[in-house]
Amino acid sequence: MNLQTEHIENHTARLTVEVEMERLEKAKQEVVRKVAKQVNIPGFRKGKAPYQMIVRYVGEQNILQDALEDLGQEIYREALNQSGINPYGPGALQDMKTEPTLTFVYTVPLQPTVDLGDYRSVRVDYNLPEITADDVERSLHALQEQAAEATETDQPAQLGDRLLIDVHSFFVSEDDDHDDEADEDNDEHDETDEYGDHHEDDREHYIHQHDLPVTLKQGKLEPMGPGFTDHMIGVTVGELRQFTITYPQAGEEQEINAEVAGKTVEFNVKVKKVENLTLPELNDAFAAKFNEPDSLSDEPEATEAAVVEGETSLEAAPNAEAEVIAEVNETTPSFTLDDLRARIRKELEEEALENVNQSYSDQVLSDIVNLATIAYPEEMVQDQIDDMLKTLDQQLRQQGLSLEMYQRLLNKTRDDIAMDYRESAIRMLKRSLVLGELINVEQVRVEQADFEAHLARLAKQFNIPVEGIRGMFNNANIQNNTLNRLLQDKAFERLVAIGKGEAPELPLPTQTDDSQTETNPSES
Amino acid sequence: MPELHMYEVIRRPVITEKSNRLSSELNQYVFEVALNANKIQIREAVEVLFDVEVIKVNTMIMPAKRGTRGRKSYIRSQAWKKAIVTLKEGQQIKLFDV
């Protein structure tokens with residue numbers, strides 16, 4: 001056996017193996033012996049027919065093919081062992097010649113290698129946003145609104161009123177002059193007929209929602225983005241309004257939903273209800289209300305509304321408050337407005353810290369990825385894409401769709417979608433490779449103590465004894481998942497430390513070459 | 001009885017596990033021959049057809065296989081004559097191929 005190894009592009013190795021002819025003969029005989037047991041040749045018991053007889057029955061070509069297949073696999077294993085290559089996945093037989101000598105050519109995807117480079121030198125500015133009194137007041141105001149008393153009215157809507165609306169909206173492209181044509185899709189039939197021809201057009205939908213509660217506000221918390229409130233002021237119950245809003249590019253003083261930034265959206269809004277909101281007074285009595293378990297009851301609705309409005313600041317606030325309330329219940333017997341403010345501030349700060357840490361470690365990781373030299377075979381990208389498509393499929397199934405239906409909707413083949421995912425797949429792959437290597441090099445480990453701490457945290461959160469939680473983690477699968485997540489959390493913590501230049505010194509032995517080459521990407 | 005022509009004497013080679021063993025170990029070849037062929041005719045036919053030297057010819061008539069279905073009996077396979085031809089050492093018949 002004569003073996004040649006060469007590295008080709010895409011982090012793949014090519015093995016060229018020359019094999020003696022006798023090996024082929026042997027393989028053929030092996031195949032015939034196996035085949036003989038199965039073919040029934042008259043005059044002979046099974047397995048007793050002579051070699052030539054069987055070859056004549058089965059066909060020389062078939063025997064040769066099977067023999068080469070078997071031999072190919074055998075040779076592949078031997079070649080891998082001899083070359084000392086560490087494959088990522090199964091190799092492929094690229095070429096095979098029987099003349100002049102029996103030669104197999106394999107391509108083998110190699111295990112990815114990651115050279116982190118001087119990752120310790122990565123520095124990123126760390127900016128923890130300060131929580132101002134304004135932020136606290138805004139959260140407080142959101143609380144106030146939840147507790148507000150609503151009275152239905154048939155007067156025109158004013159700033160601060162709450163509306164119940166059906167909203168249908170579309171993106172309008174520049175060369176599209178549908179602007180003045182309405183596309184109201186409410187339940188009244190004459191309406192739909194009137195504009196029916198536009199119903200199935202291919203304009204992209206932005207928001208389609210019935211019975212959506214919105215509060216007319218201006219500034220940061222304006223529903224649907226800037227301009228919406230102005231258009232809606234003065235509507236009365238039952239009124240139908242059509243208007244277009246051209247959103248500014250993101251990055252200007254207001255936060256714009258990335259989806260609509262710089263685009264024109266046509267709105268069709270039908271008002272079902274107008275409510276005047278009477279805000280409760282901000283005093284200790286108001287604060288005390290949030291000290292009672294009952295105050296939770298109107299939470300879910302409000303939270304939903306906030307999420308739909310798509311304003312991140314609003315979205316976060318009610319959640320934070322829910323936690324506030326939960327904690328307050330256990331601790332403080334008498335609860336003043338100042339207590340509530342302090343509580344909110346603390347929550348906001350924690351949340352900000354978490355957010356910042358997350359985006360910060362993200363940033364550090366991307367910087368390290370840029371710095372690192374990563375080599376991986378194409379197969380890994382494909383696997384990653386497959387994973388992503390599988391996740392997508394699962395998500396779609398939860399919505400009662402499947403990947404096939406999705407493909408039909410988008411009028412794309414699976415390959416098209418795979419191409420769309422390719423870039424992000426590569427990015428994710430690189431990140432997970434770097435992270436895996438980092439965990440390895442930095443010796444990030446999850447200790448038993450970390451696990452215990454996690455259990456204790458969960459126990460406190462759900463208010464059940466630690467032992468009860470521990471019972472839930474008896475399943476090896478769940479435990480592994482948790483350990484993996486903890487590991488990842490720790491890795492991200494370390495990333496933050498690296499970015500700030502505060503990472504602890506590593507014990508020396510890890511810096512040897514061994515630990516750098518034997519990388520296994522442990523997670524995604 | 002009209003005379004048998006040489007090509008009518010030998011009907012077909014018998015290739016079975018047993019005949020295979022005979023040819024490889026004893027240099028004997030087995031044929032199905034015409035029922036009324038005699039040993040001399042067989043020897044002549046084999047020598048001419050396969051260009052070999054025959055030392056001995058043994059013949060036998062294989063009995064017909066009969067079966068019954070209900071009260072009716074029938075013949076599953078007709079009686080036939082088998083000839084085992086021993087060749088001179090070193091000679092072989094390619095038809096048997098092994």
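The values are calculated or read from the model by the stated rules, or taken from the named source; none is laboratory data. Please read all numbers here as calculations on a predicted model, not as lab measurements. Please note: Cβ atoms are built from the backbone with ideal geometry, for glycine as well, and neighbour counts cover all protein chains shown.
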Checklist outcome for this item: Filter the range A:12-67 for residues that are within 14 Å of another protein chain (Cβ to nearest Cβ), β-branched (Val, Ile, Thr) and not in a loop (DSSP other than H, G, I, E, B); the one that is farthest from A:Ile85 (Cα to Cα) is A:Ile54
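Kindly provide the set of residues from the range A:432-469 that are charged (D, E, K, R) and touching a helix residue (DSSP H, G or I) at 6+ places or on another chain (Cβ under 6 Å), ordered by number.
Passing the criteria: A:Glu442, A:Asp450.
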Next on the checklist: Contact list please: Cβ distance under 8 Å, first residue in the range A:395-406 and modelled with pLDDT of 80 or more, second residue exposed (fewer than 15 other Cβ atoms within 10 Å of the Cβ), pairs at least six apart or on different chains.
Outcome noted: A:Leu396/A:Ser402; A:Leu396/A:Met405
Item to check | Single match in A:Arg77, A:Arg56 (criterion: without any contact (Cβ under 8 Å) to a residue 24 or more places away in the chain, within 30 Å of B:Ile15 (Cα to Cα) and among the charged types (D, E, K, R)) | outcome: A:Arg56
Checklist entry - If B:Gln92 passes every condition in (1) within 14 Å of chain A (Cβ to nearest Cβ); (2) part of a helix (DSSP H, G or I); (3) surrounded by fewer than 19 Cβ atoms within 10 Å (Cβ to Cβ); (4) modelled with pLDDT under 90 but one, which one does it miss? => result (2)
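Can you say whether A:Ser424 is in contact with an Asp or Glu (Cβ under 7 Å, 6 or more places away or on another chain) and either surrounded by fewer than 18 Cβ atoms within 10 Å (Cβ to Cβ) or under 21 Å from A:Thr113 (Cβ atoms) (or both), as far as the supplied structure shows? Spell out how you get there, then give the answer.
Working: in contact with an Asp or Glu (Cβ under 7 Å, 6 or more places away or on another chain): no; either surrounded by fewer than 18 Cβ atoms within 10 Å (Cβ to Cβ) or under 21 Å from A:Thr113 (Cβ atoms) (or both): yes.
Answer is no for this residue.
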Checklist entry - What are the residue pairs meeting all of these: first residue in the range A:156-173, first residue on the phi < 0 side of the Ramachandran plot, second residue of a type in the set (Ser, Thr, Tyr) and assigned to a strand (DSSP E or B), Cβ atoms under 6 Å, and 6 or more apart or on different chains? => result A:Arg162/A:Thr215; A:Ser169/A:Tyr206; A:Phe171/A:Tyr206; A:Val172/A:Thr264
Next on the checklist: Please go through the range A:368-415 and give me each residue that is basic (Lys, Arg) and not in a helix (DSSP H, G or I), ordered by number.
Outcome noted: A:Lys412
Checklist entry - Can you pull out the residues in the range A:109-146 that are hydrophobic (A, V, I, L, M, F, W, C), surrounded by 15 or more Cβ atoms within 10 Å (Cβ to Cβ) and more than 30 Å from A:Glu442 (Cα to Cα)? => result A:Ile131, A:Val136, A:Leu140, A:Ala142, A:Leu143
Checklist entry - Which of the residues belonging to the range A:446-474 are in a loop (DSSP other than H, G, I, E, B), under 15 Å from A:Leu486 (Cβ atoms) and without any contact (Cβ under 8 Å) to a residue 40 or more places away in the chain? => result A:Glu447, A:Phe473
Checklist entry - Are any residues in the range A:444-473 closer than 30 Å to A:Ala375 by Cβ and either among the β-branched types (Val, Ile, Thr) or modelled with pLDDT under 75 (or both), and if so, which ones? => result A:Val444, A:Val446
Next on the checklist: Condition first: under 17 Å from B:His5 (Cβ atoms) and more than 13 Å from the chain's Cα centre (by Cα). Now tell me which residues in the range B:45-59 satisfy that.
Outcome noted: B:Glu47, B:Val48, B:Leu49, B:Phe50
Checklist outcome for this item: Sole miss for A:Met96 among (1) in contact with a helix residue (DSSP H, G or I) (Cβ under 8 Å, 6 or more places away or on another chain); (2) closer than 30 Å to A:Thr373 by Cβ; (3) not in a helix (DSSP H, G or I) is condition (2)
Next on the checklist: Give all pairs with beta carbons closer than 7 Å in which a residue from the range B:9-33 that is within 14 Å of chain A (Cβ to nearest Cβ) meets a residue that is exposed (fewer than 15 other Cβ atoms within 10 Å of the Cβ) and hydrophobic (A, V, I, L, M, F, W, C); count only pairs at least 6 apart in sequence or on separate chains.
Outcome noted: B:Pro13/B:Leu95; B:Asn20/B:Val98; B:Ser24/B:Val98
Checklist entry - Just wondering, is there one or more residues in the range A:72-83 that are part of a helix (DSSP H, G or I), more than 14 Å from chain B (Cβ to nearest Cβ) and among the aromatic types (Phe, Trp, Tyr)? => result yes
